[in-house]
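Undergrad: I am attaching a structure below and will ask some questions about it afterwards.
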Amino acid sequence: MRTLTAKAGNVLIGAGNPIVVQTMCNTHTSDVDATVAQCVRLYEAGSEMIRITVPGPADVECVKSIKSRLKELGINVPIVADIHFSSQTAIMVAPFVEKVRINPGNFHRDHNEARKQFARLIEVCRENGTAIRIGVNHGSLGDYITNLYGNTPEAMAKAALEWLKMCEDADFHNVVVSLKSSNTIVMVEAYRKLMAAMKEKGVIYPLHVGVTEAGNGDSGRIKSCVGISTLLSEGIGDTVRVSLTEDPEDELPAARYLAARYGHKIVSSMTSISLQGRKAVAVYDAPSRETLLLDVACDFGKRLLDKTLDELELTGTYVDDSGDKISIQESGLGAYLVDELMQAARRRFYKPEYVACPGCGRTMYDLQKAFEEVKSRTSHLKNTVIAVMGCIVNGPGEMADADWGYVGEGNHKVTIYKGKTPVLKHIQDTEAVDRLVELIEKDQ
């Protein structure tokens, strides 16, 4: 069995190296000052790799300036160029970054042409020592693969394996793979299928793991931890991102927690557990609410996803911001965390399921504000999946499971989707939430 290492600048990924923590800028890449400033903050907050969007060829010069400015500041954190659709942009920017994230299947509608374009990118990356992340996301697989395997975890794994085979045939191995979904069951199953296939072939490539469009707040953190911890506990995953619809700095504490826990540097605050059939009763002595939330998600996410448990009760204490010990049961926090955990593992839904991307330089409206407003206006609904997406790139495809979608077009305009069908286009963002809520309530 060969276990490969990818190298992005001064960072090694895979083959037993420490789990790498990363995040992504949400500034416009053309705003060099803002992007540099955010990169500095992210680096100082512990991000070991930083991704920035590169929407088109015009942004390549901005990336060069960003890299140059960071170098002048003595910051050598690897920069990952995030590319959608444009192989030309990927080829142009590859010499100036440490890693390029692409989904080769999106390079061209004709699959053979997409393969040719990917082959050219491989050669450019080889010449410049640039790593490639093959990023295959649920809902944006392309017609070629979905016509063969459907929009399924198997299709995600098969797509990644085809692009890996091209890299192997070209003797290019500086590669990382990701298979992301906002659905924790789909995400975990896809990675498990890919790992099993790589083991069968005898070559293990490094894996980037994360739950895409996880949302924000407690729900986003719990959902991310359920999916990521399940995989890390099985030895699947070498670099992580916790994708939240918040400032990217806010992603890092949960990501660092996961890296530390599955790097065997910290342990759970759970002090005891008793099993009563398929129910677990867990006792915690947590140093903070945040630690309790992350511990519970990692302690029980896999068991709930794999259906080895059906019920959970949380007891014990946590320390609040004032330094007081608070009863987990009496405060109601225990029951709330169980509800959130059950929803994240898709075992029981007590509120709408929200899908929301974290936003990036392609987002042309106040995504965080819009998402909070959508949540506050729809929290009374049940058995509904609502997506709030920053741009047309990620929107329609990656909200594959959503009943309703709110997708930014640019220029402060929004398209509203029912399922995969746009029902209102070019709506001003100041009135789009009202229109979305009107449609949902009318449909209910």
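Laboratory data are not the source of any read-out in this text; all were calculated from the coordinates shown. The shown structure was predicted, so the numbers you read here are calculated from the model rather than taken from an experiment. A quick note on method: Cβ atoms are made from the backbone with ideal geometry, for glycine too, and the neighbour counts reach across all protein chains shown.
Undergrad: Using helices alone, I'd like the mean residue ellipticity at 222 nm for the chain: each DSSP H run of four-plus residues gives -39500 (n - 2.57), total over residue count, nearest 500.
TA: Helices in the chain give a 222 nm mean residue ellipticity of -13000 deg cm²/dmol.
Undergrad: Further, regarding this structure: GNM, the chain, Cα, under 10 Å: largest mean-square fluctuation among Thr378, Thr239, Thr421?
TA: Looking only at Thr378, Thr239, Thr421, the biggest GNM fluctuation is shown by Thr421.
Undergrad: Separation between the Gln329 and Asp443 pseudo-spin-labels, each 7 Å from Cα along Cα→Cβ, expressed in nm?
TA: Calculated label separation equals 4.2 nm.
Undergrad: Return the FRET efficiency for the residue pair Ser65, Arg120: r is the Cβ-Cβ distance, R0 is 22 Å, and the value is rounded to the nearest 0.05.
TA: 0.30
Undergrad: Under 20 °C and 1.002 mPa s, how fast does segment 109-245 diffuse according to Stokes-Einstein, given a Kirkwood radius computed over C-alpha pairs? Answer in µm²/s, whole number.
TA: Translational D for this selection: 139 µm²/s.
Undergrad: Could you state the orientation-averaged shadow area of the convex hull built on the Cα atoms of segment 187-226, in nm² to one decimal?
TA: Result: a mean projected hull area of 3.0 nm².
Undergrad: So what are segment 66-144's ellipsoid semi-axes, whole angstrom, largest first, if each one is the square root of 5 times an eigenvalue of the alpha-carbon gyration tensor?
TA: Values: eigenvalues 135, 35, 16 Å².
Semi-axes, largest first: 26, 13, 9 Å.
Undergrad: Using alpha-carbon positions, what is the distance between the centroids of segment 245-300 and segment 313-359, in Å?
TA: Answer, in whole Å: 11.
Undergrad: Dipole size in debye (nearest 20) for segment 2-209 around its Cα centre, Lys and Arg Cβ +1, Asp and Glu Cβ -1? Could the numbers behind the result be given before it?
TA: Numbers: 23 positive and 21 negative charges, 76 e Å.
With Lys and Arg at +1 and Asp and Glu at -1, about 360 debye.
Undergrad: Moving on to the next point. How many times 2.2 N^0.38 Å is the alpha carbon radius of gyration of segment 4-125? Don't jump to the answer; show the numbers that get you there.
TA: Working: Rg = 14.6 Å, N = 122, 2.2 N^0.38 = 13.7 Å.
For segment 4-125, the normalised Cα radius of gyration comes out at 1.07.
Undergrad: Next up: Can you give the extra length, in nm with one decimal, that the chain gains between Leu12 and Glu127 once fully stretched, where that is 0.36 nm per residue apart less the Cα-Cα distance?
TA: Taking 0.36 nm per residue and subtracting the Cα distance, the gain is 39.5 nm.
Undergrad: With no solvent and one point on each alpha carbon, what is the Debye value of log10 I(q)/I(0) for segment 2-209 at q = 0.09, 0.16, 0.18, 0.19 Å⁻¹?
TA: Debye intensities relative to I(0), on a log10 scale: -0.33, -1.06, -1.32, -1.44.
Undergrad: Per 0.36 nm of contour for each residue apart, how much would the distance between Thr421 and Met1 grow if the chain were fully extended, relative to their Cα-Cα spacing? Numbers along the way, then the final one.
TA: On the way: separation 420, 0.36 × 420 = 151.20 nm, distance 4.59 nm.
In short, 146.6 nm is gained.
Undergrad: Please identify the DSSP H helices in the chain that span no less than 20 Å along the helix axis (Cα) and have a mean Kyte-Doolittle hydropathy of 0.0 or more.
TA: Correct list, ordered by number: 184-201, 217-232, 289-305.
Undergrad: Which of Thr245, Thr23, Thr89 ends up with the largest GNM mean-square fluctuation for the chain, with Cα atoms connected below 10 Å?
TA: Highest fluctuation of the listed residues: Thr89.
Undergrad: Let me ask you something else. Please give, to one decimal in nm, the separation of the simple spin-label points placed at Val203 and Lys265, each 7 Å out from Cα toward the Cβ.
TA: 3.2 nm
Undergrad: Less than 13 Å from a label point 7 Å out along the Cα-to-Cβ axis of Val283: which backbone N atoms in segment 321-346 qualify, by residue?
TA: In segment 321-346, the label zone of Val283 (backbone N under 13 Å from the point 7 Å along Cα→Cβ) covers no residue.
Undergrad: Here's something else I'd like to know. Can you tally the net charge around Val267? Count Lys and Arg as +1, Asp and Glu as -1, for every other residue whose Cβ sits under 13 Å from the Cβ of Val267.
TA: My count for the surroundings of Val267 gives -1.
Undergrad: Please build a GNM for the chain, connecting alpha carbons under 10 Å apart, and tell me which residue among Val414, Val20, Val319 fluctuates the most.
TA: For the chain, modelled as a Gaussian network with Cα springs under 10 Å, the answer is Val319.
Undergrad: If I model a spin label as a point 7 Å beyond the Cα along the Cα-Cβ vector, how far apart are those points for Ala196 and Asn112 in nm?
TA: In this crude spin-label approximation the distance works out to 3.3 nm.
Undergrad: Would you mind calculating the relative contact order of the chain from Cα pairs under 8 angstrom and at least 6 residues apart, reporting the percent as a whole number?
TA: It comes to 13 percent, rounded to a whole number.
Undergrad: Please identify the trypsin sites (Lys or Arg not before Pro) of segment 223-299 that satisfy two criteria: DSSP loop assignment and at most 13 other Cβ atoms within 10 Å. Which are they? Don't skip to the answer; put the middle values down first.
TA: Working: sites: Lys223, Arg241, Arg256, Arg261, Lys265, Arg278, Lys279, Arg289; in loops: Arg241, Lys265, Arg278.
Answer in residue order: Lys265, Arg278.
Undergrad: If neighbour count is taken as other Cβ atoms inside 10 Å, put Ser331, Ser182, Ser47, Ser268 in order from fewest to most.
TA: Details: Ser331 14, Ser182 29, Ser47 26, Ser268 17.
Listed from fewest to most nearby Cβ atoms, that is Ser331, Ser268, Ser47, Ser182.
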